[in-house]
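Since the structure comes first, as structure tokens, the remarks are kept for the end.
The values are calculated or read from the model by the stated rules, or taken from the named source; none is laboratory data. Given the structure is predicted, the values throughout are model-derived calculations rather than measurements. No Cβ is skipped: glycine too gets one built from the backbone with ideal geometry, and neighbour counts run over all protein chains shown.
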Amino acid sequence: MNQPQTYDAIILGGGAAGLMCAAVAGQRGARVLLVDHAPEVGRKILISGGGRCNFTNVGAAAERYLSANPHFAKSALGRYRPADFIELVDRYGIGWHEKTLGQLFCDGSARQIVAMLLEECAAGGVSYALGQAVEAVAHADGRFRVDVGGRAFAAPALVLATGGPSIPKLGATDFAYGVARQFGLKIVQPRPALVPLTLPGEEALFRELSGVAADVVARAGGAAFREAALFTHRGLSGPAILQISSYWQPGEAIAVDFLPDAAPGWLLAAKRERPRAALRSALAEMLPQRLADVLAERLGIGELHGAKDAALQAAERRLGDWAFRPNGTEGFAKAEVTVGGIATDGLSQRTMEAKRVPGLYCIGEAVDVTGWLGGYNFQWAWASGFAAGEAI
Ligand code: FDA
């Protein structure tokens, strides 16, 4: 093979984090090569947020990220904030709006975000090697060598930005973990997150509710989210469930409060006021009728006057703390992100550089930092990409 073509930095992965890192490093004068096995960069950006890219969340802070080291993300998130990305988006004249809960979306299309990042890379003179597999990564004499599609490249800095294994059909792989292990970094067990949960056969009654949604509080692993839950033909989905899936561990139950706004004692009060009313009708004032029917059937209560007060009190408690025992998730095929990944204890929280391998950087979803639903994961990609881009 010919002598490798040399750069100052080779970035593996042209997703959100890799593009940001390439643009920042390039604009600081580094000669950057961005490598991706996909023929086009930023595929997940293009499909994100229903095609409108929920590009950040104004509430992004380390407490809203999961990691074996909950403090790790603070430094990078503190130095590249949502306001910094908004400033970039504004500079490009891209219209945006806040949808809910601090989530910012493009008014137009996610394509605008990819186009913006590509222009930023062009301003930094970034080169590309796209559409071919990475064949080998090696390290000798302070230089990294990467073989791609029969060509060899070398640089003193290598950035791992190939993301996590969520949604393989979009080109996602666990490549970053293999390279990280090759360089002695540890991996925190990856698992699908922001993912629908599946329910076992004995919960079949709820499967009949496929398509029904309700505003609930979902709880698991010490976390609680108030958002919509959606019943599916396989189990549970919707934002509240996707959020709680990141905290759920196999074998555990999740608790759902179906009536987060109901005043304590509401069911006894309903019995006093309308003893002839059926539980399903009382519930249907606050919940979709089909859900009210299934819950009343499960509770085995018909007309309120026919139930003892103690039974109604127990029913009220259960409606506020309904236990579902998922038998799994819909897996990496449907997971928006991956919890776990390259362990942060081997990385500098300031620069994302491997402590024991100078010149090796890990950024984005490949790292064991996972955000809530709602723009947090892109903010981590931008912030970690910026941190490494400034350090190269
Ligand atoms: P990302 O996955 O973006 O990029 C990795 C790149 O590496 C890809 O271009 C891939 O082709 C490449 N690659 C992988 N393996 C390789 C290999 N072996 N060799 C070479 N290249 C390789 N987040 C958010 O904040 N707001 C949102 O609206 C959404 N919406 C959303 C929708 C859907 C359907 C999904 C699946 C995910 C989201 N997310 C999201 C999450 C968000 O997309 C995700 O966290 C970021 O894209 C992660 O950025 P990275 O750059 O780390 O990885």
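Of the strands (runs of 3 or more DSSP E) lying entirely inside region 316-391, the ones with 2 or more residues being at pLDDT 95 or above and aromatic (Phe, Trp, Tyr) are found at 322-324.
The criterion of at least 2 residues that are under 26 Å from Thr329 (Cα atoms) and out of contact with any strand residue (DSSP E or B) (no Cβ under 8 Å at 6 or more places or on another chain) is met, among helices (runs of 4 or more DSSP H) falling completely within region 237-302, by 289-299.
Can you say whether Glu135 is among the acidic types (Asp, Glu), touching a residue at least 12 places away in the same chain (Cβ under 8 Å) and touching a Leu at 6+ places or on another chain (Cβ under 7 Å), as far as the supplied structure shows? No; evaluated as a whole, the condition is false for this residue.
In region 90-99, the qualifying residues are those that are without any contact (Cβ under 8 Å) to a residue 40 or more places away in the chain and surrounded by fewer than 19 Cβ atoms within 10 Å (Cβ to Cβ), and the one that is nearest to Tyr65 (Cα to Cα) is His97.
Reported count of residues in region 14-36, each being near the ligand (Cβ under 10 Å from one of its atoms), more than 13 Å from Val146 (Cα to Cα) and not in a helix (DSSP H, G or I), is 2.
Taking Val195, is it surrounded by fewer than 24 Cβ atoms within 10 Å (Cβ to Cβ) and touching a strand residue (DSSP E or B) at 6+ places or on another chain (Cβ under 8 Å)?
Values: surrounded by fewer than 24 Cβ atoms within 10 Å (Cβ to Cβ): no; touching a strand residue (DSSP E or B) at 6+ places or on another chain (Cβ under 8 Å): yes.
Judged against the criteria, Val195 is not a match.
Mind checking which residues of region 342-367 are in contact with a Gly (Cβ under 8 Å, 6 or more places away or on another chain) and within 12 Å of the ligand (Cβ to nearest atom)? Explain how you work it out, then say what you get.
Restricting attention to region 342-367, the residues satisfying the condition of being in contact with a Gly (Cβ under 8 Å, 6 or more places away or on another chain) are 346, 353-359, 363-367.
Passing the criteria: Ile363, Gly364, Glu365, Ala366, Val367.
Restricting attention to region 143-185, the residues that are surrounded by fewer than 23 Cβ atoms within 10 Å (Cβ to Cβ), polar (S, T, N, Q) and near the ligand (Cβ under 8 Å from one of its atoms) total 1.
Within region 72-103, if we keep just the residues that are hydrophobic (A, V, I, L, M, F, W, C), closer than 11 Å to Asn57 by Cα and not in a loop (DSSP other than H, G, I, E, B), the residue that is nearest to the chain's Cα centre (by Cα) turns out to be Phe85.
Within the group Arg290, Arg317, which residue is free of Cβ contacts under 8 Å to residues at least 24 places away in the same chain and surrounded by fewer than 22 Cβ atoms within 10 Å (Cβ to Cβ)?
Numbers: Arg290 fails: free of Cβ contacts under 8 Å to residues at least 24 places away in the same chain.
The unique qualifying residue is Arg317.
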